[in-house]
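Below is one structure, written out as structure tokens, with a few remarks after it.
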Amino acid sequence: MSNKFFIDFHIHSKFSRATSRDISLESLERSAKLKGLNIIGTGDFTHPIWFEELRRNLKEVDGLFHYKDKNIFFILQAEVSNIYEQDGKSRKIHNIILAPNFDIVSQINETLKKYGSLSSDGRPIFNNLTCPELVEILMNVSKDIMIIPGHCMTPWYGIFGSKSGFDSVEECFQDQTKNIYALETGLSADPLMLWRISSLDKYSLVSNSDSHSANTIRLGREFNVFDLEKPSFSEICQIIKNKDKKKFLYTCEVPPALGKYHWDGHRNCKVFLEPKESMKYNNICSVCGKELTIGVLHRVEELADRPEGFVTNDSIPFKTLIPLSELIAVVYNTQTFSRKVWEDSMKLINEFGTELNVLVEAPEEKLRLLVNEKIVDLILNNRSGKVKVQPGYDGEYGFPLLDESSARRSTKIQRSLTEF
């Protein structure tokens with residue numbers, strides 16, 4: 001009997017920069033239930049105030065934790081920022097940390113506060129603490145801790161990022177590579193892109209929201225699906241370490257083009273290009289004359305030693321889905337956080353139980369009784385991967401297209417291209 005658990009390992013609390021002030025255990029639990037998630041990260045256990053809130057309110061069950069709803073689990077999780085020089089280049093890498101209990105988290109925090117302030121940001125910055133040093137420190141605390149490089153391809157703070165990253169896991173983690181078992185794809189990449197890099201074959205690829213809000217618009221926009229006999233921290237870690245295809249069923253990704261760093265470009269100059277176009281112009285912006293921000297698609301091309309479409313024999317499968325709010329917002333030509341989008345989203349979620357049920361399982365005939373026909377058509381096309389996306393670039397999110405004419409910035413693309 002299959003016991004599917006939908007898991008988002010990587011989020012943030014209200015104590016991280018650029019996050020919603022409304023994030024709480026209650027709001028996270030409520031949104032996880034609406035989304036259809038069973039296990040979510042706590043975010044930011046390094047922050048002293050959030051840590052105390054977690055410790056005061058969460059009850060442990062086999063290395064996972066309950067708040068009020070016994071069907072929703074939390075996993076102790078944080079993200080840290082390592083900034084240092086290596087080989088004459090500034091390196092800025094984000095690493096996700098998972099831990100099994102509060103005693104170990106207390107030891108982690110006690111150790112890490114020697115390297116930087118834990119109270120200034122929910123995602124603390126450690127200057128001059130290298131990635132291998134971080135892993136060695138954590139392994140000395142407990143071998144049960146798991147470290148996962150976050151959003152591995154993004155230009156800034158990704159292990160392979162064009163601005164401050166490396167060309168391999170080994171170059172980054174050196175003698176501590178043996179303690180790295182997984183990489184996070186990030187919103188601007190998916191497994192199909194990373195399978196082109198043969199050196200990554202041995203790693204599990206996980207997908208998470210990196211949510212800065214408790215809202216269902218952000219929480220669980222990417223997630224992992226595990227088959228768990230009985231949910232526990234140790235079983236989850238073993239599945240990741242072993243790259244166990246029988247237990248790690250699949251990841252769910254947004255189309256990479258929706259991510260903020262998929263194409264190359266300059267946001268302020270309104271210039272955004274596919275890698276082949278950027279290369280024609282030596283990666284220089286036509287408007288300001290400075291170097292473009294090299295996106296994930298371009299960076300994969302630089303590192304790839306396999307052709308597009310290559311699939312490894314032991315690959316964990318993945319599915320692609322655009323979040324419900326993104327689809328509804330396109331139809332109404334409004335923002336995802338608008339009242340109209342929220343009303344239609346909740347009408348559907350209330351009828352079918354969770355957002356994931358709406359996106360994947362809700363019958364067409366019932367959908368058409370509840371919402372605009374164009375929304376239903378997008379939901380159905382979303383299931384089959386037929387929704388086109390205007391690619392994101394240089395910190396600007398991509399967005400779904402209702403049709404070719406709804407590419408709101410397409411005229412700016414044309415202007416930029418003709419100026420070259």
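The values are calculated or read from the model by the stated rules, or taken from the named source; none is laboratory data. Fair warning: this is a prediction, and the values are worked out from it, not measured in the lab. Virtual Cβ from ideal backbone geometry, glycine too; neighbours counted across all protein chains shown.
Worth pointing out:
- Residue match in segment 240-254 (condition: of a type in the set (K, R), on the phi > 0 side of the Ramachandran plot and within 23 Å of the chain's Cα centre (by Cα)): yes
- Residue, surrounded by the most Cβ atoms within 10 Å (Cβ to Cβ), within segment 1-32, restricted to residues that are farther than 20 Å from S207 by Cβ and touching a Phe, Trp or Tyr at 6+ places or on another chain (Cβ under 6 Å): S13
- Some residue of segment 265-275 being under 19 Å from Y181 (Cα atoms), among the basic types (K, R) and in contact with a Phe, Trp or Tyr (Cβ under 9 Å, 6 or more places away or on another chain): no
Conditions (1) in a strand (DSSP E or B); (2) closer than 22 Å to L134 by Cα, marked per residue:
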{"position": "F5", "(1), (2)": "yes, no"}
{"position": "T19", "(1), (2)": "no, no"}
{"position": "D22", "(1), (2)": "no, no"}
{"position": "K33", "(1), (2)": "no, no"}
{"position": "I40", "(1), (2)": "yes, no"}
{"position": "D44", "(1), (2)": "no, yes"}
{"position": "I49", "(1), (2)": "no, no"}
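For every residue, the table says whether it meets (1) of a type in the set (A, V, I, L, M); (2) under 26 Å from Q390 (Cβ atoms); (3) surrounded by fewer than 23 Cβ atoms within 10 Å (Cβ to Cβ).
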residue	(1), (2), (3)
I239	yes, no, yes
R267	no, yes, yes
K270	no, yes, yes
E274	no, yes, yes
K290	no, yes, yes
V296	yes, yes, no
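- Residues that are assigned to a strand (DSSP E or B) and among the acidic types (D, E) within segment 61-107 comprise E79, E85, listed in sequence order.
- Pairs meeting the criteria (first residue in segment 356-367 and within 11 Å of L321 (Cβ to Cβ), second residue outside any helix (DSSP H, G or I), beta carbons under 7 Å, at least 6 apart or on different chains) are L356/F6; L356/G36; L359/L321.
- Test result for A304, surrounded by 15 or more Cβ atoms within 10 Å (Cβ to Cβ), outside the structural domain of S31 (by TED's automatic domain parsing) and in contact with a helix residue (DSSP H, G or I) (Cβ under 7 Å, 6 or more places away or on another chain): no
- Among the residues of segment 33-82, those identified as crowded, with 24+ Cβ neighbours inside 10 Å and among the charged types (D, E, K, R) are K35, D44, E79.
- Segment 182-237 - residue that is crowded, with 21+ Cβ neighbours inside 10 Å and touching a Gly at 6+ places or on another chain (Cβ under 6 Å) and, of those, nearest to P307 (Cα to Cα): S188
- Taken as a whole, the condition of being in contact with an Asp or Glu (Cβ under 8 Å, 6 or more places away or on another chain), small (G, A, S) and without any contact (Cβ under 8 Å) to a residue 24 or more places away in the chain applies to S278.
- For segment 127-145, a residue qualifies if it is surrounded by fewer than 21 Cβ atoms within 10 Å (Cβ to Cβ) and outside any helix (DSSP H, G or I), and the qualifying residues are N127, N128, L129, T130, S142, K143, D144.
- Some residue of segment 50-66 being touching a Gly at 6+ places or on another chain (Cβ under 6 Å) and either touching a residue at least 60 places away in the same chain (Cβ under 8 Å) or β-branched (V, I, T) (or both): no
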